[in-house]
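In what follows, a single structure is set out as structure tokens and then discussed.
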Amino acid sequence: MTITLLLDLDDTLLDTNMQAFVPAYFSALASALAGSVSPEVMLPALMGGTKAMMQNENPSLTLREVFDAHFYPKLGLERAALQQEIDSFYNETFPTLSHVASQRPEAVEFVRWAFEAGHRVAIATNPYFPLKAVQHRMRWAGLPPEEYDFALVSSYETFHFTKEIAAYFPEFLAQLGWPEGPVVMVGNDLEMDLLPARQAGLPVFWKRAGQDDGHPDIPQGSFTDLRVWLAAADPVSITPTFSTPESILNILHSTPAALASLVNSLPPAAWEHHPEPGEWCLTEILCHLRDVETDVNLPRIQKLLAEDNPFLPGVVSDDWVHARNYAAQDGRFALADFMEARKGLIVLLNGEQAKGSRPARHAIFGPTTLLELAGFMAGHDRAHVQQIWKTIRA
């Protein structure tokens with residue numbers, strides 16, 4: 001079986017001395033920018049921008065946008081004024097910080113085995129850094145991106161949430177096209193890697209020495225132990241399940257963020273491309289998602305929260321692709337409208353009245369609940385993200 005492996009980087013694949021790395025990184029960046037801004041101004045701005053990324057829950061803003069919106073105003077500068085110095089820093093200076101980290105041969109051996117076994121391997125690092133910096137740290141780990149075809153590497157340019165926000169994990173899977181079958185998050189940090197991933201519905205493995213009696217339900221051990229565990233695992237036991245309110249809400253929260261990253265760099269012609277005759281193009285899919293959100297999902301949830309056991313009529317939305325002439329619309333505007341509508345839905349589902357057990361009567365499903373309806377919405381999201389991912393690659 002093919003397993004999608006989400007591998008943490010620092011202190012999982014790479015032995016990182018954070019007590020040495022963080023001050024060395026801050027000092028080197030301060031020196032690189034000293035000609036334009038004093039360290040006394042730059043360092044608080046850098047720490048504030050990092051904190052803003054950690055707290056971001058807005059799916060319409062990448063972490064880079066969040067960081068920039070805090071960092072550069074504090075400096076009194078535009079990004080363009082420092083771009084050359086920043087590029088030079090990450091191209092030339094950042095690689096010299098490798099002395100504060102060291103390879104873990106057993107990690108390199110595990111990754112090689114995973115690729116040889118045909119598994120899908122991705123680097124699920126906390127996306128505080130630009131991709132260039134993450135790739136340098138991968139080289140420090142003995143896993144250069146030039147040699148390993150990682151399915152995805154998270155960085156602040158393309159991600160909207162850090163690991164402090166559990167929506168990071170479904171955003172990661174969505175950017176992978178919501179792969180079917182087994183998925184395992186492997187990390188060393190209980191609070192950052194494992195508990196949030198489990199909350200999001202993912203199976204996990206705790207990469208650590210020894211055992212932790214406080215969490216006997218979490219498989220744990222060395223990379224050798226991980227290989228043995230994966231080989232013996234029942235595929236069903238390591239396949240994500242999205243049945244809890246937290247896992248469903250995290251999917252709904254992450255969908256617009258992941259869609260934005262998937263389509264952001266596409267040329268105009270890609271939006272109108274039909275993979276096969278009769279199949280929807282990207283613009284049509286995004287218009288469908290927008291209209292289902294605004295004309296079906298939001299009204300249903302509003303009605304369910306406002307009334308006791310309301311009747312919810314069935315809606316056939318697939319015909320809208322022609323009736324509403326989606327092909328003639330702008331897919332980017334449709335995505336923006338979907339994103340705003342989804343933010344409103346998340347607010348409703350996070351409200352005090354949004355109890356998962358609230359009942360309703362659906363014209364097709366019969367007796368149902370808020371949780372079941374939200375689960376249907378999350379499944380609808382996943383299906384169309386898969387469709388978009390496949391359409392892009394077609």
- Task: Quick one: residue 321 ticks every box in (1) part of a strand (DSSP E or B); (2) closer than 22 Å to residue 283 by Cα except a single one, so which number is it?
- Result: (1)
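Table: residues versus (1) surrounded by fewer than 14 Cβ atoms within 10 Å (Cβ to Cβ); (2) touching a residue at least 12 places away in the same chain (Cβ under 8 Å); (3) in a helix (DSSP H, G or I).
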{"residue": "1", "(1), (2), (3)": "yes, yes, no"}
{"residue": "6", "(1), (2), (3)": "no, yes, no"}
{"residue": "12", "(1), (2), (3)": "no, yes, no"}
{"residue": "19", "(1), (2), (3)": "yes, no, yes"}
{"residue": "22", "(1), (2), (3)": "yes, no, yes"}
{"residue": "27", "(1), (2), (3)": "yes, no, yes"}
{"residue": "32", "(1), (2), (3)": "no, yes, yes"}
{"residue": "37", "(1), (2), (3)": "no, yes, no"}
{"residue": "44", "(1), (2), (3)": "yes, yes, yes"}
- Task: Kindly check whether there is at least one residue in the range 298-317 that is within 21 Å of residue 372 (Cβ to Cβ), touching a Gly at 6+ places or on another chain (Cβ under 9 Å) and at pLDDT 95 or above.
- Result: yes
- Report yes if residue 178 is of a type in the set (Phe, Trp, Tyr) and over 17 Å from the mean Cα position of the chain (by Cα), otherwise no. no
- Item | Qualifying position, being under 24 Å from the mean Cα position of the chain (by Cα), of a type outside the set (Phe, Trp, Tyr), within 30 Å of residue 348 (Cα to Cα) and buried (at least 16 other Cβ atoms within 10 Å of the Cβ), among 230, 249 | 249
- Residues that are in the same structural domain as residue 1 (by TED's automatic domain parsing) and among the aromatic types (Phe, Trp, Tyr): which helices (runs of 4 or more DSSP H) entirely in the range 211-305 hold 2 or more of them? 223-232
- Since residue 337 meets every condition but one in (1) acidic (Asp, Glu); (2) farther than 30 Å from residue 276 by Cβ; (3) at pLDDT 95 or above, which condition does it not meet? (2)
- Message: Within the range 360-386, take every residue that is touching a helix residue (DSSP H, G or I) at 6+ places or on another chain (Cβ under 8 Å) and part of a strand (DSSP E or B) and give me the one that is surrounded by the most Cβ atoms within 10 Å (Cβ to Cβ).
- Response: 360
- Query: What residue, of 197, 151, is buried (at least 24 other Cβ atoms within 10 Å of the Cβ), within 14 Å of residue 7 (Cα to Cα) and assigned by TED's automatic domain parsing to the domain that holds residue 123?
  - Reply: 197
- Only one of (1) under 25 Å from residue 268 (Cα atoms); (2) without any contact (Cβ under 8 Å) to a residue 40 or more places away in the chain is not met by residue 331, so which one is it? (2)
- Here the qualifying pairs (Cβ atoms under 9 Å; residues six or more apart or on different chains; first in the range 62-90 and closer than 27 Å to residue 254 by Cα; second modelled with pLDDT under 95 and polar (S, T, N, Q)) come out as 62/264
- Query: What about residue 354, is it farther than 24 Å from residue 283 by Cα and free of Cβ contacts under 8 Å to residues at least 60 places away in the same chain?
  - Reply: yes
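The values are calculated or read from the model by the stated rules, or taken from the named source; none is laboratory data. Bear in mind that the values here come from a model prediction, so they are computed numbers and not experimental data. Using ideal geometry, Cβ is built from the backbone for each residue, glycine included, and neighbour counts are taken over all protein chains shown.
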